[in-house]
Structure formats: C-alpha cells, structure tokens
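Here's the structure we're looking at; comments come further down.
Only the coordinates and a few stated rules stand behind these numbers; no lab work does. Remember, predicted model here, so these are calculated numbers, not experimental data. Positions of Cβ are generated from backbone atoms using ideal geometry, with glycine treated the same way; all protein chains shown enter the neighbour counts.
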Amino acid sequence: MFSRRLLLATALGASSSAWTQEDDAPRRVILDASRALQAGNAARFLGYFDKRRFEVFSDLRRRVSALLEARTVASSVDVVSITEASGDRMAKVDWILQLTPIGGPGEVETRRQTVELTLSQESPGAWRIASFAPVDFFRVL
C-alpha cells in the first residue's frame with residue numbers, strides 16, 4: 001500500500017513538473033529576448049520573433065537596429081501575466097529600458113511601459129513572439 005502511494009505521488013509530481021516547464025517556456029523566451037537586447041545583439045533579439053506571423057516585423061527590425069546603433073541598452077522585464085488564448089499565450093510585461101548614447105556622454109533615458117505580447121508555439125517547447133505592442137517602445141529619439 002505504501003509503495004502505491006509513493007508511486008502515485010511521484011507520478012503526480014512528475015506530471016506537475018512537466019506542465020510547469022511547458023508553462024515556463026514562453027516566460028523564458030521573453031527573458032532571453034530581453035537579455036539579447038541588453039547584449040546589443042539585434043539579430044538574436046529578432047530571432048525570438050515569428051517573422052511569418054508578426055505583421056510589422058520589418059518595422060520592428062528597423063527600430064531595434066537603429067536603437068542599438070545609437071544607444072547602449074540596459075533591459076529589464078517583469079512578466080506580469082501569461083494567459084492562454086486559442087493555443088497561443090498572451091503576456092503582459094512590465095519592460096524597462098535604460099538607454100545611454102554610444103557616441104559620448106549624455107543623459108540616460110529611462111523608458112518603462114507595460115507591453116503586450118502574443119507568443120505562438122512552433123513545435124513542442126519552441127515558442128516565438130508573434131506580436132508586440134507597442135512597437136514604438138523601441139523608437140530612437
């Protein structure tokens with residue numbers, strides 16, 4: 001009897017662990033995208049986006065590339081919520097950017113905004129950002 005309870009508890013724990021890992025994958029994509037932006041790597045940052053589904057991807061690419069050419073970026077994210085919607089995940093993220101001019105001394109600009117993302121699953125465990133609003137968050141002043 002004891003071994004059945006232990007087996008059942010182990011199975012439930014493993015099942016719960018697998019669900020949590022799958023649920024954390026969209027969160028990891030957001031965190032990794034933030035790290036890529038902070039590293040100044042536009043290609044890696046943009047690699048987290050689904051180019052086929054992201055309607056204004058060329059605008060995003062242009063804005064992010066221009067921003068990283070002109071500013072050193074410190075990026076911090078707090079994933080406020082992730083909810084399921086028709087197989088996708090909808091995320092609200094409190095995103096903070098601190099921007100410092102690359103070409104010399106200048107004031108640090110801080111941007112903070114709650115942005116909304118849609119993440120889609122390409123294959124098991126592989127998530128991509130399918131929408132990001134507002135894209136203007138990455139504007140160069």
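Neighbours of Gly104 by Cβ distance under 15 Å: Lys/Arg scored +1, Asp/Glu scored -1, total -2. Among the GluC sites (Glu not before Pro) found in the range 50-110, those both in a DSSP coil and sparsely packed, with 14 or fewer other Cβ atoms within 10 Å of their Cβ, are Glu55, Glu107.
Sites listed here are trypsin sites (Lys or Arg not before Pro) in the range 76-141 whose DSSP assignment is loop and whose Cβ has at most 13 other Cβ atoms within 10 Å: Arg139. Taking 0.36 nm per residue of separation and subtracting the current Cα-Cα distance, fully stretching the chain between Thr72 and Thr100 would add 9.6 nm. According to the calculation over all Cα-Cα pairs in the range 34-141, the P(r) per 10 Å bin from zero is 15, 47, 30, 7, 1 %. Taking a Cβ cut-off of under 12 Å around Phe45, the surrounding Lys, Arg, Asp and Glu residues balance to a net charge of +3, with basic ones at +1 and acidic ones at -1. The label-point distance for Asp32 and Glu55, in a model that sets each label 7 Å from Cα toward Cβ, rounds to 2.7 nm.
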